[in-house]
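The values are calculated or read from the model by the stated rules, or taken from the named source; none is laboratory data. Just so you know, these numbers come straight off a predicted model, no measurement behind them. Note: ideal-geometry Cβ built from the backbone for every residue, glycine included; neighbour counts use all protein chains shown. When the accessible area is computed, the model is the full protein with side chains, heavy atoms only, and any ligands, DNA or RNA have been set aside. Shrake-Rupley method; radii C 1.70, N 1.55, O 1.52, S 1.80 Å.
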Amino acid sequence: QKEVEQDPGPLSVPEGAIVSLNCTYSNSAFQYFMWYRQYSRKGPELLMYTYSSGNKEDGRFTAQVDKSSKYISLFIRDSQPSDSATYLCAMRGGKSTFGDGTTLTVKP
Amino acid sequence: GAVVSQHPSWVICKSGTSVKIECRSLDFQATTMFWYRQFPKQSLMLMATSNEGSKATYEQGVEKDKFLINHASLTLSTLTVTSAHPEDSSFYICSASGGGYEQYFGPGTRLTVT
């Protein structure tokens, strides 16, 4: 069993939709939780990070962590075609462990 | 801030030759650098972790004699693929950390071995 399981997708939504991306984990030692966005043939870009349960908002993005359920989510409001990318969750206790990614397509 | 560059962005080499990929942190000191490999439509596979001035720690299954990593300074790490073969063709991505939990990734290097 993988330490980090990410909803595989792919997801296709119309422009303006709310998107929910989800990961679960099994390792209680994970303390830091990150979301990365990766465009095709590019390196991942750090979007958001948090280390506590609860919500963290940054513009149209909200990261949610529930440590009791070992579950994290990234919500994207008012999604735009430019949000089309692969989203990777990552968690860190010692070294980072990445999910397999969810590919999102936002259609105009 | 927190910019990481990689050079080259794309390289084609012949089977049996060696290729060096550079990873630089441009605006911060990277105490730790990571090297990943990524196949199409797959996630990142950690190859090795290097700390400045120390030998790299390789993940299980990664040949340390084939993938030579040098972390010569706080801003530069290199990955050398020795005696490359077509199966080494992949997207290689480095990331750097300044000591915190955040990792900043480079743009990646696409290696094609013919």
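FRET efficiency for the pair A:L46 and B:I12, taken as 1/(1 + (r/R0)^6) with r the Cβ-Cβ distance and R0 = 25 Å, rounds to 0.25.
Each label point was placed 7 Å from the Cα along the Cα-to-Cβ direction; for A:A29 and B:T114 their separation is 4.6 nm. The contact residues of the range B:32-63, meaning those that lose at least 10 Å² of 1.4 Å-probe accessible area when all protein chains sit together rather than their chain alone, are B:F34, B:Y36, B:Q38, B:S43, B:L44, B:L46, B:E59.
Here the simple spin-label model places points 7 Å from the Cα toward Cβ, and for A:D66 and A:T105 these points are separated by 3.0 nm.
The apolar share of the surface of the protein assembly as shown, taken as the fraction of accessible area on carbon and sulfur atoms (1.4 Å probe, ligands and nucleic acids excluded), comes to 50 percent. If you wrap the tightest convex hull around every Cα atom of chain B and split its volume per residue, you get 95 Å³. When chain A is treated as a GNM with alpha-carbon contacts under 10 Å, the residue of A:K95, A:K70, A:K56 showing the greatest mean-square fluctuation is A:K95.
Legend: distances between Cα atoms for A:K107/B:K20; B:K20/B:K55; A:K95/B:K41; A:K70/B:K41; B:K20/B:K41; A:K107/B:K14; pairs beyond 29 Å are A:K107/B:K20; A:K107/B:K14.
How many Å² of accessible surface get buried when B and A come together, counting both sides, probe radius 1.4 Å, rounded to the nearest 100? All intermediate terms of the calculation are to be shown ahead of the outcome.
Working: alone 6270 and 6060 Å², together 10810 Å².
Protein heavy atoms only, the B-A interface buries about 1500 Å².
At most 13 other Cβ atoms within 10 Å and a DSSP loop assignment: could you name the trypsin sites (Lys or Arg not before Pro) in the range B:9-54 that fit? Present the calculation step by step, with values, prior to reporting the outcome.
Values: sites: B:K14, B:K20, B:R24, B:R37, B:K41; in loops: B:K14, B:K41.
For trypsin sites (Lys or Arg not before Pro) across the range B:9-54 that sit outside H, G, I, E and B with at most 13 neighbouring Cβ atoms in 10 Å, the list reads B:K14, B:K41.
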